[in-house]
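Q: First, the structure itself, so that you have it in front of you.
The values are calculated or read from the model by the stated rules, or taken from the named source; none is laboratory data. Small disclaimer: the values here were computed from a predicted structure and weren't measured. Cβ placement follows ideal geometry from the backbone for every residue including glycine, while neighbour counts extend to all protein chains displayed. The accessibility values were calculated without ligands, DNA or RNA, using every heavy atom of the protein model including side chains. Shrake-Rupley method; radii C 1.70, N 1.55, O 1.52, S 1.80 Å.
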Amino acid sequence: MSEQMYHPGLEGVIAGETAISTIAGGSGLRYRGYAIEDLAREATFEEVAYLILHTELPTPDQLKDFRGRLIENAPITSDILKFLRTVPRTTPIMDFLRTGASALAHWDSEAGDTSHDAQLRKAERLLAKLPTIMAAHRRLQQSKEPVQPDPKKSYAANILWMLKRKQPSEALERAMDISLTLYAEHEFNASTFTARVITSTLSDLHSSVAGAIGALKGPLHGGANERVMEVLAQVGSPENAEPWIREALANKTRIMGFGHRVYKDGDPRARFLKPICQQLAVETHNESLEETAEVIERIVVEEKGLPPNLDWPSARLYHYMGLDVAIYTPLFVVSRVTGWAAHIIEQMDNNRLIRPRSRYIGPEPRDWVPLAERA
Ligand SMILES: CC(C)(COP(=O)(O)OP(=O)(O)OC[C@H]1O[C@@H](n2cnc3c(N)ncnc32)[C@H](O)[C@@H]1OP(=O)(O)O)[C@@H](O)C(=O)NCCC(=O)NCCS
């Protein structure tokens, strides 16, 4: 194998084929051919999830049935709730979701069935249940009783309902819906690739999703949206933004929410979300935080040429929605499970074991030394 074939971090390497999404030319994002901006503007998250999982946009009847299946599968049984209550309340929600995705397999009668149709049914059940267990754990952490989903509410509205037991405003529901659409799928990112590697051994869907959650948790991937909020809290005010960011850059600090492996000219999801974020900031009287973010963004772009990624505006969006930082990356999970599941199904339908090679940089061949002769 030629040395030239080695690309650290697999940067620029085409590691497989997919019909699910494309980052066209490194600047635009499309799910199954549809521009992300059209989907976020026009469709609900349920339509987008259906598109990603079932390959086409749903007809009104298909959407009604899909919503029905999500609603039917969203509540958790008393067995599962009993199990969830045994997890220590101090467990971070991402760790809990990793365990939860795995645990749900024990109550899924098709857990070991990796046929195309069974995988789709399991994907829908996971999509339906993950917000319920996420919200249940969050409420138990806050010494509050879990809230069951409301069958009359949309997927987005139910997340807010189960977290807060409060009817969300239309603006908050729409903001949540848009963020779910923007996070739903992103071709061969680290967590999706993890899911595909696990699936390529012919393992089951729940195992692949549990592995993907572990990959998403890291601060260079999904964990960045929580770190963004920590940065903004540390900066404190628009006046402090410029000295803070100049010092951070001088100290070579990695600024969370900026840079991307593929989008070198800017993340289209961040561009789309920014005005929505600004609008929600006005509605919720958070203009000062927007100003702080604007100063940081301008200087990082000027000094480092690094545009913001989706996590930069979405962290603020969630803050304006009154959500705790601890829930930001878990929200990424409940959306991205659609993308993961579609990739798992695509991989299984046309599988080849993913098993690359490594370049050896260890010691030259050595002679065996018996234990007694080792100093
Ligand atoms: C996303 C990310 C991991 C992609 O990184 P990558 O393609 O591996 O690029 P590198 O880490 O090699 O960075 C290339 C250069 O840009 C700099 N850089 C990249 N992202 C940076 C950031 N967020 N803040 C400051 N500098 C950054 C690196 O220090 C490096 O500079 P150098 O060449 O002088 O050493 C990286 O941009 C990052 O860590 N961003 C912050 C975390 C984040 O927001 N993640 C969410 C991604 S959607």
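Q: On the given criteria, is residue 114 open to solvent by 70 Å² or more (accessible area, probe 1.4 Å) and β-branched (Val, Ile, Thr)? Quick ask: steps written out before the conclusion?
A: Details: open to solvent by 70 Å² or more (accessible area, probe 1.4 Å): no; β-branched (Val, Ile, Thr): yes.
Criteria not met by residue 114.
Q: Any residue in the range 54-65 that is charged (D, E, K, R) and touching an Asp or Glu at 6+ places or on another chain (Cβ under 8 Å)?
A: Within the range 54-65, the subset charged (D, E, K, R) is 56, 61, 64-65.
This time we only want the ones that are touching an Asp or Glu at 6+ places or on another chain (Cβ under 8 Å), so: none.
Checking the range 54-65: not a single residue is charged (D, E, K, R) and touching an Asp or Glu at 6+ places or on another chain (Cβ under 8 Å).
Q: If we keep just the residues of the range 144-191 that are outside any helix (DSSP H, G or I), acidic (Asp, Glu) and modelled with pLDDT of 95 or more, which is farthest from residue 262 (Cα to Cα)?
A: Applying the first criterion (outside any helix (DSSP H, G or I)) to the range 144-191 yields 144-154, 165-169, 184-189.
Right, trim to acidic (Asp, Glu) and you get 145, 150, 185, 187.
The next check asks that each one be modelled with pLDDT of 95 or more; those that pass are 150, 185, 187.
On the way: 150: 39, 185: 14, 187: 11 Å.
Residue satisfying both the conditions and the ranking: 150.
Q: Turning to a different aspect of this structure: For the range 128-159, name all the residues that are under 20 Å from residue 68 (Cα atoms) and open to solvent by less than 10 Å² (accessible area, probe 1.4 Å).
A: Let us first name the residues in the range 128-159 that are under 20 Å from residue 68 (Cα atoms), namely 128-133, 147-159.
128, 130, 131, 132, 133, 156, 157, 159 - these are the residues of the range 128-159 that are under 20 Å from residue 68 (Cα atoms) and open to solvent by less than 10 Å² (accessible area, probe 1.4 Å).
Q: So for the range 276-286 (the condition being under 23 Å from residue 23 (Cβ atoms), at pLDDT 90 or above and either open to solvent by less than 80 Å² (accessible area, probe 1.4 Å) or more than 8 Å from the ligand (Cβ to nearest atom) (or both)), does at least one residue qualify?
A: Looking only at the range 276-286, we keep the residues that are under 23 Å from residue 23 (Cβ atoms), and these are 276-277.
Then drop every residue that is not at pLDDT 90 or above, which leaves 276-277.
Filter once more, keeping what is either open to solvent by less than 80 Å² (accessible area, probe 1.4 Å) or more than 8 Å from the ligand (Cβ to nearest atom) (or both): 276-277.
Yes; the residues of the range 276-286 include at least one that is under 23 Å from residue 23 (Cβ atoms), at pLDDT 90 or above and either open to solvent by less than 80 Å² (accessible area, probe 1.4 Å) or more than 8 Å from the ligand (Cβ to nearest atom) (or both).
Q: With (1) assigned to a loop (DSSP other than H, G, I, E, B); (2) open to solvent by less than 50 Å² (accessible area, probe 1.4 Å) as the list, and residue 13 as the residue in question, which single condition is left unmet?
A: For residue 13, the failing item is (2).
Q: Same structure, new question: What is the number of the single condition among (1) surrounded by fewer than 18 Cβ atoms within 10 Å (Cβ to Cβ); (2) β-branched (Val, Ile, Thr); (3) more than 23 Å from residue 35 (Cβ to Cβ) that residue 262 does not meet?
A: (3)
Q: Restricting to the range 80-104, what's the tally of residues that are in contact (Cβ under 8 Å) with a residue 24 or more places away in the chain, among the hydrophobic types (A, V, I, L, M, F, W, C), farther than 16 Å from residue 195 by Cα and assigned to a helix (DSSP H, G or I)?
A: 7
Q: Take the residues in the range 200-223 that are within 11 Å of the ligand (Cβ to nearest atom) and in contact with a helix residue (DSSP H, G or I) (Cβ under 6 Å, 6 or more places away or on another chain); name whichever of them is modelled with the lowest pLDDT.
A: Filtering the range 200-223 for residues within 11 Å of the ligand (Cβ to nearest atom) gives 216, 218-223.
Still in the list and also in contact with a helix residue (DSSP H, G or I) (Cβ under 6 Å, 6 or more places away or on another chain): 216, 219, 221-223.
Working: 216: 97, 219: 90, 221: 90, 222: 90, 223: 87.
Checked the range 200-223; the qualifying residue modelled with the lowest pLDDT is 223.
Q: Quick one: residue 197 ticks every box in (1) more than 14 Å from residue 333 (Cβ to Cβ); (2) within 14 Å of the ligand (Cβ to nearest atom); (3) touching a residue at least 40 places away in the same chain (Cβ under 8 Å); (4) open to solvent by 20 Å² or more (accessible area, probe 1.4 Å) bar one, so which box is it?
A: The failed condition is (2).
Q: Got a number for residues in the range 303-349 being buried (at least 21 other Cβ atoms within 10 Å of the Cβ) and basic (Lys, Arg)?
A: The total comes to 2.
Q: Hey, another quick one. For the range 51-76, what are the residues that are at pLDDT 95 or above and among the β-branched types (Val, Ile, Thr)?
A: Residues of the range 51-76 that are at pLDDT 95 or above, as a first pass: 51-75.
Answer for the range 51-76, where residues must be at pLDDT 95 or above and among the β-branched types (Val, Ile, Thr): 52, 55, 59, 71.
Q: Report the residue count in the range 26-79 for those that are part of a helix (DSSP H, G or I), among the β-branched types (Val, Ile, Thr) and open to solvent by 10 Å² or more (accessible area, probe 1.4 Å). Give the steps one after another, and end with the answer.
A: Initially, the range 26-79 is screened for residues part of a helix (DSSP H, G or I), giving 36-42, 45-54, 60-73, 78-79.
Filter once more, so that each one left must be among the β-branched types (Val, Ile, Thr): 36, 48, 52, 71.
From the residues that got through so far, the ones that are open to solvent by 10 Å² or more (accessible area, probe 1.4 Å) too are 71.
Count: 1.
Q: As an exercise: evaluate residue 226 against (1) modelled with pLDDT of 95 or more; (2) not in a loop (DSSP other than H, G, I, E, B) and give the number of the one condition it does not meet.
A: (1)
Q: Another question, then. Take the residues of the range 250-262 that are in contact (Cβ under 8 Å) with a residue 40 or more places away in the chain and within 7 Å of the ligand (Cβ to nearest atom): which is nearest to residue 314 (Cα to Cα)?
A: 257
Q: What do you reckon, is residue 44 touching a residue at least 60 places away in the same chain (Cβ under 8 Å), under 15 Å from residue 342 (Cα atoms) and not charged (D, E, K, R)? Quick ask: steps written out before the conclusion?
A: On the way: touching a residue at least 60 places away in the same chain (Cβ under 8 Å): yes; under 15 Å from residue 342 (Cα atoms): no; not charged (D, E, K, R): yes.
Against the criterion (touching a residue at least 60 places away in the same chain (Cβ under 8 Å), under 15 Å from residue 342 (Cα atoms) and not charged (D, E, K, R)), residue 44 does not qualify.
Q: Please count how many residues of the range 225-239 are within 16 Å of the ligand (Cβ to nearest atom) and open to solvent by 10 Å² or more (accessible area, probe 1.4 Å). Spell out how you get there, then give the answer.
A: At the first step, the residues of the range 225-239 found to be within 16 Å of the ligand (Cβ to nearest atom) are 225-232, 234-235.
Remaining after also requiring open to solvent by 10 Å² or more (accessible area, probe 1.4 Å): 226-227, 229-231, 234.
Number of matching residues: 6.
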